[in-house]
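K.L.:
Below is one structure. I have some questions about it.
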Amino acid sequence: MKGKCDYVKNYLKRDVPKEITVCIEELQTDLGGGESPEEQFSAGEIARAISAFLRKQPPKKRYLFIARYYLAQSVEELAKNLGCSNATVYRKLEQIRTELKTELEQEGLL
């Protein structure tokens, strides 16, 4: 049990990976972002819509999105885990973002 606690402490002390900045920039490029109260309210609705979108996706797409944009895993790590090339991961992530953007636009959230 002690080993697990040490792992958690070390994990929590780690620096925020630079990869997280890249992940956020990828989403902001496609989905935008803002600071006004109206935009902040809309962000909550967008978060709910993203959750609904993810629940409808097949497991592999859901995994890619969550691993990349919530867990900030690198494209290289995702490619290794899925047994495919980095280019394939980039292409699939772009496809998911495009589908998400289309759905958010249809719902009037973008």
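K.L.:
Give me the pairs, please: first residue somewhere in the stretch 97-108 and at negative phi and hydrophobic (A, V, I, L, M, F, W, C), second residue anywhere and surrounded by 13 or more Cβ atoms within 10 Å (Cβ to Cβ) and not in a helix (DSSP H, G or I), beta-carbon distance under 9 Å, and either six or more positions apart or on two chains.
P.N.:
Qualifying pairs under 9 Å: Leu104/Leu110.
K.L.:
Could you list all residues from the stretch 101-110 that are in a helix (DSSP H, G or I) and more than 11 Å from Ile50 (Cα to Cα)? Steps first, answer last, please.
P.N.:
Filtering the stretch 101-110 down to residues in a helix (DSSP H, G or I) leaves 101-106.
If the condition is that a residue be in a helix (DSSP H, G or I) and more than 11 Å from Ile50 (Cα to Cα), then Thr102, Glu105, Gln106 are the ones that fit.
K.L.:
Now a separate question. Consider Phe41 against the criteria (1) of a type in the set (A, V, I, L, M, F, W, C); (2) exposed (fewer than 13 other Cβ atoms within 10 Å of the Cβ); (3) modelled with pLDDT of 85 or more: it satisfies all of them except one. Which criterion is unmet?
P.N.:
Tallying (1) of a type in the set (A, V, I, L, M, F, W, C); (2) exposed (fewer than 13 other Cβ atoms within 10 Å of the Cβ); (3) modelled with pLDDT of 85 or more, Phe41 fails exactly one: (3).
K.L.:
May I ask you to list the residues in the stretch 81-93 that are free of Cβ contacts under 8 Å to residues at least 60 places away in the same chain and buried (at least 16 other Cβ atoms within 10 Å of the Cβ)?
P.N.:
Val89, Lys92
K.L.:
Let me ask you something else. Residues being part of a helix (DSSP H, G or I), more than 15 Å from Leu54 (Cα to Cα) and touching an Asp or Glu at 6+ places or on another chain (Cβ under 8 Å): count how many of those fall in the stretch 66-100.
P.N.:
1
K.L.:
What do you reckon, is Ile96 under 20 Å from Ala47 (Cα atoms), surrounded by fewer than 16 Cβ atoms within 10 Å (Cβ to Cβ) and under 14 Å from the mean Cα position of the chain (by Cα)?
P.N.:
Details: under 20 Å from Ala47 (Cα atoms): yes; surrounded by fewer than 16 Cβ atoms within 10 Å (Cβ to Cβ): no; under 14 Å from the mean Cα position of the chain (by Cα): yes.
For Ile96, the condition - under 20 Å from Ala47 (Cα atoms), surrounded by fewer than 16 Cβ atoms within 10 Å (Cβ to Cβ) and under 14 Å from the mean Cα position of the chain (by Cα) - is not met.
The values are calculated or read from the model by the stated rules, or taken from the named source; none is laboratory data. Since the structure is predicted, the reported quantities are computational estimates derived from the model, not experimental observations. Here Cβ is always computed from backbone atoms with ideal geometry, including for glycine, and neighbour counts include all displayed protein chains.
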